[in-house]
């Protein structure tokens, strides 16, 4: 891990992070790309098929697209360092400034130093690697699965997973996928393609997914979709079996995948929203600045020099093409920020070259 200050730290090596790293390198910068798994691809590696990525002559397996991302990094002399980030915080240095206004407050809600002496100068990033300093940061860490809130979900040692690639090494003959969205159907297709007989358990009366995925699942004889089937409890009769209690029966399978939704992985590491600033609102009430992260059309955050891309920004759309575009924009925005341009004040940023 680099010991000196980094110009641009990119957290996450999925499509957004990889595109940001390549573009920043093309613009003459030296990015550092960090990922919890230490390899390119991110969650795209879980995809059964990627059919809507521009320029592909045939559908790509998720693992194949992940490998292509890795080779693209190699071509630009870029690697992926391994590390789990737990916190990204702005740091301050003291400089003489005019008397403070509302804009002089630290994004965490604290005014550091004496009035007129505080100015943000970079970011302190902490994690299992220790600590590093970066002048700018792109958070492209994707999403984490939502809990299903089913009794037995936390059974120790049970074959209960949230990512399909964690279950596949066990070569399950039978599996249950809990959920009715696109991720659940995509996981079911991946399992069926490996020879597993899959029961998709949908709490509601209809699937949330639509279109081609539903058609593909309907044509796959190894997949059975059971709508109106809430899961009451998960039990572990043995180390290699899971019992799924559903209305009127007990379904015994070799493994369970829980696919009930995802949320941004950025929430745990982002600076917290600031507290109200006293006396700034109408009639003396407190005025609250925008929170540090909220799903929006923009890759900007409320903190200059801190950008967010891909599913970390959107909270779970799962589209590689959108993530790549976000990464390109963030790289250009970071380069402009480091050169002194007022990125974040509404100024347009060009991603050309």
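Each value in this text was obtained by applying a stated rule to the coordinates, not by laboratory testing. Quick caveat, the model's predicted, so the values are computed rather than measured. Cβ: placed from backbone, ideal geometry, glycine included. Neighbour counts: every protein chain shown.
Which FRET efficiency value, to the nearest 0.05, is calculated for residue 129 and residue 215 with the Förster distance at 41 angstrom and r the Cβ-Cβ distance?
According to the calculation, E is roughly 0.35.
The simple spin-label model puts a point 7 Å past each Cα toward its Cβ; for residue 249 and residue 205 those points are separated by 2.1 nm.
Contact order normalised by length for the stretch 147-260, with contacts defined as Cα pairs under 8 Å and 6 or more residues apart; what percent is it? Normalised by residue count, the contact order of the stretch 147-260 is 37 percent.
Peptides 53-61, 74-82, 129-137, 18-26 ranked from most to least packed, by the mean per-residue count of other Cβ atoms within 10 Å: 18-26, 129-137, 74-82, 53-61. Each residue in 339, 146 was given a count of other beta-carbon atoms within 10 angstrom of its own, and listing them fewest first yields 339, 146.
Classify the stretch 147-260 as rounded, prolate or oblate from the Cα gyration tensor: take a ≥ b ≥ c as the square roots of its eigenvalues, call it rounded if a/c is under 1.5, otherwise prolate when a/b beats b/c and oblate if not. Verdict is oblate for the stretch 147-260. Centre-to-centre, using Cα atoms only, the stretch 28-71 and the stretch 214-262 are separated by 29 Å.
Taking other C-beta atoms within 10 angstrom as a stand-in for reagent exposure, 313, 30, 159 fall in the order 30, 159, 313, fewest first.
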